[in-house]
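A quick write-up on the structure given underneath.
The values are calculated or read from the model by the stated rules, or taken from the named source; none is laboratory data. Owing to the predicted nature of the structure, the values given are computational and were not obtained by experimental measurement. Neighbour counts are summed over all protein chains in view; Cβ atoms, including those assigned to glycine, are modelled from backbone coordinates with ideal geometry.
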Amino acid sequence: MRVDLDTYRDAIEAELRDIVRTDEEAASRLFGMLQYHMGWVDAAFHPEEAPKGKRLRPVMCLLACEAVGGAWRGAVPAAAAIELIHNFSLIHDDIEDNSDTRRHRATLWRLWGLAHGINSGDALWAIARTAVYRLSDHGYPPEIVLGAARRLDETCVELCIGQYLDLAFAERQTVTLAEYERMIAGKTAALLSASVGLGAMVGGAPPEIVAAYDAFGRDLGLVFQVVDDVLGIWGDPTMTGKPAASDLLERKKTLPIAYAMAWERARGQDELAQVYSLPEWDAATIKRILSRLESVGARVYAQRRAAELHQRALRHLDSLGIESPAQEMLRELAASLLDRNA
């Protein structure tokens, strides 16, 4: 029987809406900002069904729980906590990247200012921590609840390390491929790893099984970011919701740039390093960078690397010998991350 992901998403959405709410009038505007970011209300706090994303991480959490034989409905609080952590990081990421839009709408900080943006992100992080404790309402023992909370806290530290490295790389002329992979291991892979690993843990899997799901999620997170890097340079703005070549406009040292710079260094060249040392860029500069990336095969390299990481992720699943509809759906979602265009 095929897994009905809409049933998962409906349960996750109901949990999220029950968590991100308040009956206190004084706090209603803060929660209104959070609900705007989550896609439930418009900027005037009127109900709206705006784009929310696919809730990929919490869905994968529930799939891992079911794949190892657990009752997925009991894991919904953990899945909701993961989604809230993801969204706290997006609120802060929009500020740090000076992003005006997300999912074709104005970002929270752009509407209400930096101070409210920072405070809202902090609030969502704290709410995420309270969400995971709701596992106790489903009968999970204290050691499981505390273990889940610890895992999410450790993941938040990794997220912040990855984001720090991403910001720091923007101030440097060159970044090695190893440095790049360390950055995305924190920025993107850590939360996907926690998503499936936590699902397996809450589902009652032994440590060695949880470790395999952790590894699967980590490699899949690397896939996600590498594909995101390709889209950040060559993606269709009507699909991504971001300007064309947005990562170049922000001077991000993503995988295509890191690869191209390594390619040049190996040949005693430094064209890109010189471009990145320029204080200002114009349209001609962006065109020059795009031309250089194509000439050294940076896009092809990134696409090939994403495919390699995808195969490595699947090997972790295959090593478990688990055959179930939930496990098969994890494989399908992994394939969709490799082939996405937004």
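Worth pointing out:
- Taken over the range 324-335, the criterion of being surrounded by fewer than 19 Cβ atoms within 10 Å (Cβ to Cβ) and either touching a helix residue (DSSP H, G or I) at 6+ places or on another chain (Cβ under 7 Å) or modelled with pLDDT under 95 (or both) is satisfied by Ser324, Arg331, Leu333.
- Scanning the range 289-333 for residues that are closer than 19 Å to Leu255 by Cβ and assigned to a helix (DSSP H, G or I) yields a total of 23.
- Asp23 vs. criteria over 22 Å from Leu111 (Cβ atoms) and either outside any loop (DSSP other than H, G, I, E, B) or within 21 Å of the chain's Cα centre (by Cα) (or both): no
- From the options Leu272, Leu248, residue that is surrounded by 18 or more Cβ atoms within 10 Å (Cβ to Cβ), of a type in the set (A, V, I, L, M) and under 23 Å from the mean Cα position of the chain (by Cα): Leu248
- Within the range 200-217, restricting attention to residues that are free of Cβ contacts under 8 Å to residues at least 60 places away in the same chain and within 21 Å of Glu158 (Cα to Cα), the residue that is surrounded by the fewest Cβ atoms within 10 Å (Cβ to Cβ) is Pro207.
- The criterion of being of a type in the set (Val, Ile, Thr) and in a loop (DSSP other than H, G, I, E, B) does not hold for Val210.
- Only one entry of Arg29, Arg73, Arg57 meets the criterion of being among the basic types (Lys, Arg), assigned to a helix (DSSP H, G or I) and touching a helix residue (DSSP H, G or I) at 6+ places or on another chain (Cβ under 6 Å), and that entry is Arg57.
- Within this structure, Asn119 fails the test of being surrounded by fewer than 20 Cβ atoms within 10 Å (Cβ to Cβ) and not in a helix (DSSP H, G or I).
- Of everything listed in (1) more than 30 Å from Leu330 (Cβ to Cβ); (2) within 16 Å of the chain's Cα centre (by Cα), the single unmet condition for Ala44 is (2).
- Candidate set: the range 122-149, residues that are under 13 Å from Ala194 (Cβ atoms) and small (Gly, Ala, Ser); chosen: the one surrounded by the fewest Cβ atoms within 10 Å (Cβ to Cβ): Gly147
- Total residues in the range 238-277, condition without any contact (Cβ under 8 Å) to a residue 12 or more places away in the chain and either closer than 26 Å to Ala334 by Cβ or touching a Lys or Arg at 6+ places or on another chain (Cβ under 7 Å) (or both): 1
- Being free of Cβ contacts under 8 Å to residues at least 24 places away in the same chain and loosely packed, with under 13 Cβ neighbours inside 10 Å holds for only one residue in Arg304, Arg288, and it is Arg304.
- Screening Ala80, Ala75, Ala43 for residues that are surrounded by 14 or more Cβ atoms within 10 Å (Cβ to Cβ), within 19 Å of Gln327 (Cβ to Cβ) and either out of contact with any strand residue (DSSP E or B) (no Cβ under 6 Å at 6 or more places or on another chain) or modelled with pLDDT of 95 or more (or both) leaves exactly one candidate, Ala75.
- Residues that are without any contact (Cβ under 8 Å) to a residue 24 or more places away in the chain and assigned to a helix (DSSP H, G or I), drawn from the range 99-112: Trp109, Arg110
- Every pair of residues 6+ apart whose Cβ atoms lie under 8 Å, when the first sits in the range 21-35 and is within 10 Å of Phe45 (Cα to Cα) while the second is assigned to a loop (DSSP other than H, G, I, E, B) and of a type in the set (D, E, K, R): Phe31/Arg21; Gln35/Arg21
- Selection over the range 83-98 of residues that are in contact (Cβ under 8 Å) with a residue 60 or more places away in the chain and under 16 Å from the mean Cα position of the chain (by Cα) gives a count of 9.
- Taken together, Leu152, Leu165 contain a single residue that is farther than 26 Å from Arg29 by Cβ, surrounded by 19 or more Cβ atoms within 10 Å (Cβ to Cβ) and free of Cβ contacts under 8 Å to residues at least 40 places away in the same chain, which is Leu165.
- The residue pairs whose first member lies in the range 66-82 and is farther than 14 Å from Ile12 by Cβ and touching a residue at least 24 places away in the same chain (Cβ under 8 Å), whose second member is assigned to a helix (DSSP H, G or I) and of a type in the set (A, V, I, L, M), and whose beta carbons are closer than 6 Å, counting only pairs six or more residues apart or on different chains, are Ala67/Ala326; Val68/Ala200.
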